[in-house]
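To start, the structure itself, in structure tokens.
The values are calculated or read from the model by the stated rules, or taken from the named source; none is laboratory data. Treat the numbers as computed from the prediction; the structure is a model and nothing was measured. Glycine gets a Cβ as well: all are built from the backbone with ideal geometry, and neighbour counts include every protein chain shown.
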Amino acid sequence: MTRVGSDIRFFGGSTMWGRGTDILENLHAQGLEGVNIRTMYELSPTLDHGELDDFRQAALDLDMYVEMGVGKINPYMTAELPAVRALGNGDYVLQLLSADNDGARRAVAFRVVP
């Protein structure tokens, strides 16, 4: 079965659909079944595990799929983005994939509903 969602573009930490779990609720209200977010950094600029887990749980509760890109993993590009470089004490990818926080593994592994 084909499911239809929306590709989300963030501007200044927000989207035309709102922020955080509001995005999912607003898309769901429009009859859409999922979302593609280009990077976790756009959804949560500090990669807050609680915030990412809340988003994951809201998607599960609404039976929506989530596609999410890893984002800025080119080490030569992050020098141009000090806020990204600061994540994970200079290791942005380590922060994205951190398994030492209980919520991190779940937050990174969003369930994609067929």
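Could you list, in sequence order, all residues of the stretch 33-70 that are more than 12 Å from S6 (Cα to Cα), modelled with pLDDT of 85 or more and of a type in the set (A, V, I, L, M, F, W, C)? If the condition is that a residue be more than 12 Å from S6 (Cα to Cα), modelled with pLDDT of 85 or more and of a type in the set (A, V, I, L, M, F, W, C), then L43, L52, F55, A58, A59, L60, L62 are the ones that fit. Note down all Cβ pairs under 6 Å where the first residue falls in the stretch 4-16 and is in contact (Cβ under 8 Å) with a residue 60 or more places away in the chain, the second is surrounded by 15 or more Cβ atoms within 10 Å (Cβ to Cβ) and in a strand (DSSP E or B), and they're at least six residues apart or on different chains. Qualifying pairs under 6 Å: G5/G34; G5/V35.
Among the criteria (1) surrounded by fewer than 16 Cβ atoms within 10 Å (Cβ to Cβ); (2) in a strand (DSSP E or B); (3) among the hydrophobic types (A, V, I, L, M, F, W, C), the one V4 does not fulfil is (2). Scanning the stretch 12-31 for residues that are surrounded by fewer than 17 Cβ atoms within 10 Å (Cβ to Cβ) and aliphatic (A, V, I, L, M) turns up M16, A29. If you go through the stretch 1-51 one residue at a time, how many are among the β-branched types (V, I, T), closer than 22 Å to P82 by Cβ and out of contact with any strand residue (DSSP E or B) (no Cβ under 8 Å at 6 or more places or on another chain)? Total meeting the criteria: 1. Each residue in the stretch 7-25 was checked for being over 11 Å from L62 (Cα atoms) and either among the hydroxyl-bearing types (S, T, Y) or in a helix (DSSP H, G or I) (or both), and 4 of them qualify. When R38 is tested against (1) more than 9 Å from the chain's Cα centre (by Cα); (2) surrounded by fewer than 17 Cβ atoms within 10 Å (Cβ to Cβ), just one condition goes unmet, and that condition is (1).
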